[in-house]
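The block underneath contains the structure these notes are about, expressed in C-alpha cells.
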Amino acid sequence: MRSAFAAAFLLALAAPALAAAGDPIPLGPGITFDPIVDGRLRYERVELPTADADALTMRIRAGGEVRAGHWSLLAESEATLGIDKGYNAFAFASPSHQRRPQQAVVADPENIELNRLQLQYRAEGATLTVGRQRINLDDQRFVGSVGWRQNEQSFDAVRLDARAGPFHVDGSYAVRQRSIFGIDSGPRQSYGGHFWFLGAGAGLGPVALKGFAYLLDYDPAFFLANSSQTYGVRATTAIPLTDAPADPVADAASGAKLALAASYARQSAHGGNPLSYAADYLAAEASLGWKGLTLTGGYERLGSDSKAANGLGRAVQTPMATAHKFNGWADLFATTPDRGLRDLYAGAGYRFERAPIPGLNAAVAWHRFDSAVHGIDYGREWDASLGFRLSRMAILAKFADYKARGFGADTRKFWLQAEFGY
C-alpha cells in the first residue's frame, strides 16, 4: 500500500511538466499536429476468502493526430507495465508467466500494442472513421472501450455517424474486437468475426429516442456461444424542476433536474452460436440533481431463457460492454450467470463547489443482486469513491465490498490511482 501512495505522489509531481495543455501544433498551411500523451498509475488490492492480490501497474498512451481540412490521421500506442506483480492477470488458462492462479485476478496484464490507427473524414453533419478505433455507444452497455481497465478495448472497423436536424444515424461494421488481455493471452488477444452496430434516433421535444441492433458473429470456436443478435430501443430525457436561473452562468448548478433513462432489448442466438435461446433485457434509471448533490436509483434485468442449454439456462450476454460501469465495481457479474441477473441499486454523489481541493467529489452506491429466474438471492454490494485534482493530476480512490449469498464469494477491492493526459 505504501508503495502505491509514494508512486502516486511522485507521478503527481511530474505531471505538470508532462501534461501541459496546448493548442495543436501548426505544420503548414491548414495542417496541424495534436500530440496524445496520457498515463495512469494504479494500485489495486483484491481480497477473496481463498486468495488475495496486490497490483501496481502503470499505463502510458502516446501518439498524435494530424489534421488537414476534412481529413485526419490518428496513431496511438499503448503500454502497460507491472510494477508490483502480485496478481493473476488472466482468469482463463494460459501458459503465460502472467497467469498466477495462486493469486486473485486483476485483469491488467503487462502489454504493448497499437491501440488506435484510424483515418477519419469529417464533413458537416457526418463523420466517417476507418481503422482501429475506440467505439463507445450510448451508455456502453452493449459496446464500449472498457476504459476502466489499463488496456483499452478497440475495434478494427468502419463507422459512419451522421446527423440532420433532430435525426441521428450511427452504423459500424467491425471485423475484429481487440480485447483488454494483451499479447500474452494467446487467442484471447483479439476475436475475429462479423460485427454490426446499428442505431437510429431522433430528438422528440425533451425526449431522445433511439432504436438499435447489435449483430455479433464470432469466428473463434471457443467464443461462438457469444454470437448473438440484440434488437432494442432506448429513451432518455432531462426535466428541469425549477425555473431557469436569473444568471445561467453563476447559477447553473443551483437548479434541480430529473434525468430519466430506460432501455428494452431482445437477444437471441446468431451466426454460429450452437445454443438456441431468446431472452429480454430491461433497464430503468432515475437521477435527481440539485446543486452538487445527485441521487440515483435504478433497476436492470438481464433475462435468461431457462429452457436453453439443456435446462441450465442461457442469459443475456454483453461481451463487448464496458462491464465495470454496471452491476457493481467488484465485477462479479461481468459475465451474466446462466439464470440471469436482476440488479436493484441506489446511490448518491456530491461534488463540492467550494472545496479546498479542486474537483473534490464523493459517491456511494448499494446493489441488491438476484437471479432473473428461479428467485435466487445472489448477494449485496456497497461501492464508494472519492476523487480530486492535484494540479493537472486526477486522483481517485475507490472501494467495493460484495457479500455473497447465492453466487460467487465475498469480495473486497480497493483502488488508488493517479491519472494525467492531454
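The values are calculated or read from the model by the stated rules, or taken from the named source; none is laboratory data. Quick caveat: nothing in here was measured; it's all calculated off a predicted structure. Neighbour counts run over all protein chains shown; Cβ positions are idealised from the backbone, glycine included.
Overview of values
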{"read-out": "Filter result for LEU216 (in contact with a strand residue (DSSP E or B) (Cβ under 8 Å, 6 or more places away or on another chain), over 27 Å from ASP108 (Cα atoms) and modelled with pLDDT of 95 or more)", "value": "no"}
{"read-out": "Residues within region 149-170 that are on the phi < 0 side of the Ramachandran plot and either more than 20 Å from the chain's Cα centre (by Cα) or free of Cβ contacts under 8 Å to residues at least 12 places away in the same chain (or both), tallied", "value": "10"}
{"read-out": "Close pairs from region 310-322: first surrounded by fewer than 24 Cβ atoms within 10 Å (Cβ to Cβ) and modelled with pLDDT under 95, partner part of a loop (DSSP other than H, G, I, E, B) and of a type in the set (Ser, Thr, Tyr), Cβ under 8 Å, at least 6 apart", "value": "GLY313/SER306"}
{"read-out": "Entirely in region 293-382, the strands (runs of 3 or more DSSP E) that have 2 or more residues that are within 22 Å of the chain's Cα centre (by Cα) and aromatic (Phe, Trp, Tyr)", "value": "341-351, 361-370"}
{"read-out": "Inter-residue pairs, beta-carbon under 9 Å, first under 9 Å from ASP184 (Cα atoms) and in region 83-98, second assigned to a loop (DSSP other than H, G, I, E, B) and charged (D, E, K, R), 6+ apart", "value": "SER94/ASP184; PRO95/ASP184; SER96/ASP184; HIS97/ASP184; GLN98/GLU110; GLN98/ASP184"}
{"read-out": "In region 196-222, the residues that are under 21 Å from the mean Cα position of the chain (by Cα), within 13 Å of ALA269 (Cα to Cα) and not hydroxyl-bearing (Ser, Thr, Tyr)", "value": "LEU215, LEU216"}
{"read-out": "Any hit, region 114-127, residues being in a loop (DSSP other than H, G, I, E, B), surrounded by 14 or more Cβ atoms within 10 Å (Cβ to Cβ) and β-branched (Val, Ile, Thr)", "value": "no"}
{"read-out": "Selected residue [touching a helix residue (DSSP H, G or I) at 6+ places or on another chain (Cβ under 9 Å) and of a type in the set (D, E, K, R)] from ARG132, ARG67, ARG59, ARG45", "value": "ARG45"}
{"read-out": "Residue in region 263-287 that is nearest to THR242 (Cα to Cα), counting only those that are under 23 Å from the mean Cα position of the chain (by Cα) and surrounded by fewer than 16 Cβ atoms within 10 Å (Cβ to Cβ)", "value": "ALA286"}
{"read-out": "Enumeration of residues in region 352-367 that are at pLDDT 95 or above and more than 16 Å from ARG412 (Cα to Cα)", "value": "LEU360, ASN361, ALA362, ALA363"}
{"read-out": "Residues of region 403-422 satisfying the condition of being in a strand (DSSP E or B) and either over 28 Å from ALA62 (Cα atoms) or free of Cβ contacts under 8 Å to residues at least 24 places away in the same chain (or both)", "value": "LYS403, ALA404, THR411, ARG412, LYS413"}
{"read-out": "Hits in region 170-223 (condition: acidic (Asp, Glu) and closer than 30 Å to LEU258 by Cα)", "value": "ASP170"}
{"read-out": "Matching residues in region 54-99 - criterion: being surrounded by 17 or more Cβ atoms within 10 Å (Cβ to Cβ), hydrophobic (A, V, I, L, M, F, W, C) and farther than 30 Å from LEU27 by Cβ", "value": "ALA55, LEU56, MET58, ALA89, PHE90"}
{"read-out": "Filter result for ALA400 (surrounded by 20 or more Cβ atoms within 10 Å (Cβ to Cβ), modelled with pLDDT of 95 or more and either not in a strand (DSSP E or B) or not acidic (Asp, Glu) (or both))", "value": "yes"}
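This table checks each residue for (1) within 28 Å of ASP38 (Cα to Cα); (2) hydrophobic (A, V, I, L, M, F, W, C); (3) touching a Lys or Arg at 6+ places or on another chain (Cβ under 6 Å).
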{"site": "PHE155", "(1), (2), (3)": "yes, yes, no"}
{"site": "LEU198", "(1), (2), (3)": "no, yes, no"}
{"site": "LEU215", "(1), (2), (3)": "no, yes, no"}
{"site": "PRO220", "(1), (2), (3)": "no, no, no"}
{"site": "VAL233", "(1), (2), (3)": "no, yes, no"}
{"site": "THR236", "(1), (2), (3)": "no, no, no"}
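Per-residue answers, yes or no, for (1) surrounded by fewer than 17 Cβ atoms within 10 Å (Cβ to Cβ); (2) among the aliphatic types (A, V, I, L, M); (3) over 22 Å from ASP280 (Cα atoms):
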residue: ASP331; (1), (2), (3): no, no, no
residue: THR335; (1), (2), (3): yes, no, no
residue: ARG339; (1), (2), (3): no, no, no
residue: GLY359; (1), (2), (3): yes, no, yes
residue: ARG368; (1), (2), (3): yes, no, no
residue: GLY375; (1), (2), (3): yes, no, no
residue: SER391; (1), (2), (3): yes, no, yes
residue: PHE407; (1), (2), (3): no, no, no
